[in-house]
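The values are calculated or read from the model by the stated rules, or taken from the named source; none is laboratory data. Just so you know, these numbers come straight off a predicted model, no measurement behind them. No Cβ is skipped: glycine too gets one built from the backbone with ideal geometry, and neighbour counts run over all protein chains shown.
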Amino acid sequence: MRLTCPLCGPRDRREFYYYGAADYLNRPAGGDPAEWDAYLHLRDNPAGQTRDLWYHETGCAQWLLVTRDTVTHSISDVALVAAGGASGGGIAAKVKPEGSA
Amino acid sequence: MQYSGFRVIAEGLFGNRGWKPAWRDPTPKPAYDAIIIGGGGHGLSTAYYLAKNHGLTNIAVLEKGWIGSGNIGRNTTIVRANYFLPGNSEFYSHSLKLWEGLEADLNYNVMHSQRGLINLFHSDGQRDAFARRGNAMVNQGDDAELLDREGVRAHLPYLDFEQTRFPIYGGLLHRRGGTARHDAVAWGYARAADRRGVDLIQNCEVTGIDIENGRVTGVQTTRGAIRAKKVGIVVAGRSSQVAAMAGLRLPIESHILQAFVTEGLKPVIDHVISFGMGHFYISQSDKGGLVFGGDLDFYASYAARGNLPMVEHVMEAGMTLMPMIGRAKLLRSWGGIMDMSPDGSPIIDKTPVDGLYLDCGWNYGGFKAVPASGWTMAHLMATDQPHEVARRFRLNRFATGHLLDEEGTGSQHNLH
């Protein structure tokens, strides 16, 4: 399994640390216990396309938002959380290899 | 048909022509008193104890594949009662007691072998933690003995005691721990439930849960609609999908766990050995294969197959612990889908939908729990009250903060 880091390119799975579902990006602002329960514990847990957070631990030390399929392990998108989690925008757009369009 | 040694001999004398199928293959009825979704170990034992302990025999088990085709048919078969926390301790103690009488109860040889389990420790701090755990086990009424290094060596002379990273300081011996034949547990419960009138309906996938006015009324399946006032969801790694049919979002994330077996060897490992620092555990099956497993692949997955980095890690852990294992050839590996909960402990509880019950969150420790899970889930479904030994396995404990975090690793699903 390889993830294509927007900064480092395709890298071996062992360089990355899996944190969990993208729900972790939606940290509750207030103190509502139900919101915190949902944030920390409840998950859609889809059999199919999912979005989750990976950390490029031995690479660029960036948090990545990965869109992938939990049944086939195919990866369709990897984006920087720091760039708003949208590939093709923000920082990710500025690091295309030289000569690419 | 009652199985016995005499029966085996008699059948042998007459060409084995008298054996009958171990359970019926019934057509689903339009309605049952209760339906269990999931024909794995936990679902089958729930059905069996509903019939045996509570007299409910007009019940069906709905299985989308065939009996024993999920995790009950492929796991590392370890049976133990060495838990520490109140809430877990009494539950697994109850389960082990049920295991000890299971073969006579089911009239089926599940090859339960109490060969002894040794958990290794590698530092003074770990020794203290295991001494404390052992005391908790003894206080629960189970058995535990703290072994020093020489005590472990007397049992397991082939380990590498002087390894520099994790030198072996000793181990916690749980003599009543051991293994059982996983398929036989599924078959034994299936046959025993069938003999009490339970309909085991295979190749029947649930596609919807019918709810009227907040109360369950039945299920939709690939073999038609079936009505029931009580429905239990006992589907392990698929819990989130089935619960979603009732509008529920669960504190579960499904992860992949790999296990491995070598070619058959002559007897070489007598015990179950757990090497926690490498997250490696091993025993030898009665066929001779070394059966061992490691940790999760760590990312959410339904693929039922893992990736190579964890294969490599498990092999390294095995070589670290017992270099002799390098001489064995790996025969095959497989991956199972684990229903990981945020505290590593299971859920056996009612849901917000009346008549709908949930049994899930077994992480990767569900096999040893099969008898007690069924026993307590049956109690819950029959009486609407949690069983005494499963009273802390509540669905809302994450919201209320009453976690059962046996390993103390926090609320991340993949860290248990």
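Listed values, structure above:
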read-out: Scan of the range B:136-185 for residues that are assigned to a loop (DSSP other than H, G, I, E, B) and acidic (Asp, Glu), ordered by number; value: B:Asp142, B:Asp143, B:Asp160, B:Glu162
read-out: Qualifying residue in the range B:47-55 (condition: more than 28 Å from B:Gly178 (Cβ to Cβ) and over 14 Å from the mean Cα position of the chain (by Cα)); value: yes
read-out: Test: residue in the range B:241-264 that is closer than 20 Å to B:Met340 by Cβ, in contact with a helix residue (DSSP H, G or I) (Cβ under 8 Å, 6 or more places away or on another chain) and of a type in the set (Phe, Trp, Tyr); value: no
read-out: Total residues in the range B:39-97, condition hydrophobic (A, V, I, L, M, F, W, C), part of a loop (DSSP other than H, G, I, E, B) and surrounded by 24 or more Cβ atoms within 10 Å (Cβ to Cβ); value: 2
read-out: Only one of B:Leu62, B:Leu85 that is out of contact with any Pro (no Cβ under 6 Å at 6 or more places or on another chain) and assigned by TED's automatic domain parsing to the domain that holds B:Val206; value: B:Leu62
read-out: Qualifying residue in the range B:156-176 (condition: closer than 30 Å to B:Asp128 by Cα and of a type in the set (Asp, Glu)); value: yes
read-out: Which numbered condition B:Arg74 misses (of (1) modelled with pLDDT under 95; (2) outside the structural domain of B:Gly188 (by TED's automatic domain parsing)); value: (2)
read-out: B:His155 being buried (at least 23 other Cβ atoms within 10 Å of the Cβ) and either in contact with a Cys (Cβ under 7 Å, 6 or more places away or on another chain) or of a type outside the set (Ser, Thr, Tyr) (or both); value: no
read-out: Elements of type strands (runs of 3 or more DSSP E) in the range A:1-67, at least 1 residues being among the β-branched types (Val, Ile, Thr) and modelled with pLDDT of 95 or more; value: A:2-5, A:49-55
read-out: Pick from the range B:245-287, criterion touching an Asp or Glu at 6+ places or on another chain (Cβ under 8 Å) and small (Gly, Ala, Ser), ranking: nearest to the other protein chains (Cβ to nearest Cβ); value: B:Ser254
read-out: Meets criteria (free of Cβ contacts under 8 Å to residues at least 60 places away in the same chain and surrounded by 12 or more Cβ atoms within 10 Å (Cβ to Cβ)) for B:Arg17; value: no
read-out: Members of the range B:364-416 found to be under 24 Å from A:Ala34 (Cβ atoms) and among the charged types (D, E, K, R), listed by number; value: B:Arg391, B:Arg392, B:Arg394, B:Arg397, B:Asp405
read-out: Subset of the range A:16-25 (residues that are within 8 Å of another protein chain (Cβ to nearest Cβ) and buried (at least 18 other Cβ atoms within 10 Å of the Cβ)); value: A:Tyr18, A:Gly20, A:Ala21
read-out: For B:Met310: the one exception among (1) farther than 23 Å from A:Glu15 by Cα; (2) in contact with a strand residue (DSSP E or B) (Cβ under 7 Å, 6 or more places away or on another chain); value: (1)
read-out: Test result for B:Leu296, within 14 Å of chain A (Cβ to nearest Cβ), of a type outside the set (Val, Ile, Thr) and not in a strand (DSSP E or B); value: no
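Results for (1) within 14 Å of another protein chain (Cβ to nearest Cβ); (2) not aliphatic (A, V, I, L, M), shown as yes or no for each residue.
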residue	(1), (2)
A:Pro6	no, yes
A:Arg14	yes, yes
A:Pro46	yes, yes
A:Arg68	yes, yes
A:Ala83	no, no
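Quick grid of which residues meet (1) at pLDDT 95 or above; (2) of a type in the set (Gly, Ala, Ser); (3) closer than 23 Å to B:Leu98 by Cα; (4) within 21 Å of the chain's Cα centre (by Cα):
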site	(1), (2), (3), (4)
B:Arg165	no, no, no, no
B:His174	yes, no, yes, yes
B:Gly177	yes, yes, yes, yes
B:Ala184	yes, yes, yes, yes
B:Ala190	yes, yes, yes, yes
B:Arg196	yes, no, yes, no
B:Glu212	yes, no, no, no
B:Arg215	yes, no, no, no
B:Thr221	yes, no, no, no
